[in-house]
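Note sheet for the following structure.
All of the numbers you see were taken from the coordinates with simple rules; none came from a lab. Fair warning: this is a prediction, and the values are worked out from it, not measured in the lab. Cβ placement follows ideal geometry from the backbone for every residue including glycine, while neighbour counts extend to all protein chains displayed.
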Amino acid sequence: MLTPYRQLAAVPHLAAVLGWGLFGRLHLTCTSIALTFLVAEWTGSYAIAGVVVAATALGWGVGGPMRGRAADRGEPSRQLLITGVVYAAGMTAIALLPAGAWPLAAVLAFGTGLAVPAAGQISRALYPRMASGQVLHAAYTVEATLQELLFILGPMAAAITVAVAGPRAAVGLCAALALLGAIGFAVVLRRGGLRAAAPRPPRPPPGEHGHGRLLAVPGLAAAIGVSLLMVAAFTAVDLALVGWARERGTPALAGTLIATWAIGSLIGGFVSGGITGRRAPRLWLRTAALAAGIGALTLTMPPVTDGASPLLIAAVLVVGGTAIAPVAATSNANIGLLAPGHRRSEAFGWLATARTTGSALAAPGAGALLDAAGPAAATAAATLLALAAAALAATVRVPESESMVAVGDDRLP
């Protein structure tokens with residue numbers, strides 16, 4: 001079971017690319033909490049704080065394809081350094097604004113979001129250049145699994161910083177983490193001889209002219225759409241858990257249950273990453289398993305079931321959560337294999353846009369269902385979204401010759 005992980009560690013520079021690609025995203029899991037505390041302290045309004053956080057997310061989503069295109073066409077390490085400096089400067093400027101200047105903070109937040117260092121896009125685009133077969137899928141699985149830790153460590157670091165030094169210091173922490181992650185990742189790329197962009201074909205294939213045509217690559221738009229639907233489902237479940245916890249008068253329990261879901265994902269990611277075989281993982285099957293887990297959660301939520309034990313809900317979340325990391329890993333691997341090698345970073349930029357869009361679209365709808373019919377309605381909607389993702393995933397075809405090679409073949413392509 002550990003064979004793929006040992007092979008992954010044996011590929012030169014792959015572990016460093018994976019690790020710094022993850023660290024380069026840690027600041028993103030701190031930002032919303034830090035900005036919420038800062039703006040709420042200024043204005044006393046969480047709604048206004050939400051506007052500033054949304055502006056950051058909007059900039060991140062809009063800028064994703066542009067950042068990826070720049071990394072594909074230029075030197076990724078140089079782009080990381082430039083965006084790292086710009087992003088850190090933007091967050092620092094927000095931290096230094098006078099109290100009450102939230103309209104300016106929103107403008108700065110949008111501009112700063114446009115300059116988020118593309119650590120995730122670049123690292124995911126590099127994996128297919130560095131590994132193949134089971135090793136490649138192990139890389140995507142390890143990334144998806146360890147990413148869950150970011151959503152535990154980042155918010156914790158932001159909350160502790162707010163408590164100890166105040167929200168301005170927490171926003172400054174986000175700036176420092178982003179800059180450190182960008183510099184560290186750039187150094188890894190240069191030391192590993194990966195500073196150059198992927199080779200471009202001598203002449204673009206038919207249908208490749210113009211950046212908008214990237215989504216016309218067979219299967220790519222569908223693969224990105226699967227992630228949009230899945231993130232929408234995750235957003236609905238998170239809101240349902242928050243609603244359930246608030247209704248029973250224990251709001252803090254929502255965070256515990258969401259963390260429990262992440263623990264299930266960690267377990268599932270580790271196990272699935274060690275499974276070897278000659279067939280590529282089937283995304284539709286893994287997505288259907290996740291839909292089944294969310295459906296089981298619906299049966300424990302009011303008004304379907306009133307007064308369900310938190311321990312029962314936690315158990316359902318752990319079991320159902322085991323599909324999260326495998327789904328994310330297979331989805332990312334499919335996008336990396338379907339996208340042309342010289343445009344992978346841009347493809348993962350569109351993925352960032354899709355995920356931001358999925359969350360933005362799902363939040364108000366899930367909230368309306370919570371108000372109208374309770375948590376079970378929101379999780380039922382999440383189940384339908386996951387089933388739609390499974391149906392869409394069934395249409396994605398990755399050529400077997402590209403998705404898998406003989407087990408144990410760790411040649412660099």
- Note on the structure: For 293-306, 224-237, 13-26, ranked highest to lowest by mean beta-carbon neighbours within 10 Å, the order is 224-237, 13-26, 293-306
- Query: Separation of segment 19-38 and segment 344-402 by C-alpha centroid, Å?
  - Reply: 22 Å
- Item | Within-14-Å neighbourhood charge of Gly321 [Cβ basis; K, R +1; D, E -1] | -1
- Protection proxy ranking of 368-374, 111-117 - average other beta-carbon atoms within 10 Å, highest first: 111-117, 368-374
- Query: How would you order 308-318, 385-395 from highest to lowest mean count of nearby Cβ atoms within 10 Å?
  - Reply: 385-395, 308-318
- Relative exposure of Cys30, Cys174, judged by other C-beta atoms within 10 Å (fewest first): Cys30, Cys174
- Query: Restricting attention to the alpha-carbon atoms of segment 217-401, what are Rg (one decimal) and Dmax (integer), both in Å?
  - Reply: 16.7, 54
- Query: Å³ per residue of the Cα convex hull, for the chain?
  - Reply: 131 Å³
- Note on the structure: What one gets for segment 66-164 as the Kirkwood radius, inverse of mean 1/r over different Cα pairs in Å, is 16.0 Å
- About the Cα centre of the chain, how large is the charge dipole given +1 on each Lys and Arg Cβ and -1 on each Asp and Glu Cβ? Please answer in debye to the nearest 20. 1180 debye
- Item | Whole-number D in µm²/s for segment 1-97 (Stokes-Einstein; Kirkwood sum over Cα pairs; 4 °C, 1.567 mPa s) | 81 µm²/s
- Task: Please say if segment 123-183 is rounded, prolate or oblate, where rounded means a/c under 1.5 for a ≥ b ≥ c the square roots of the C-alpha gyration tensor eigenvalues, and otherwise the choice is prolate for a/b larger than b/c and oblate otherwise?
- Result: oblate
- Task: Quick one, could you list the DSSP H helices from the chain stretching 20 Å or more along their long axis (Cα atoms) with average Kyte-Doolittle hydropathy of 0.0 or above?
- Result: 28-43, 46-73, 76-96, 133-165, 167-191, 220-247, 252-274, 283-298, 324-338, 344-373, 375-393
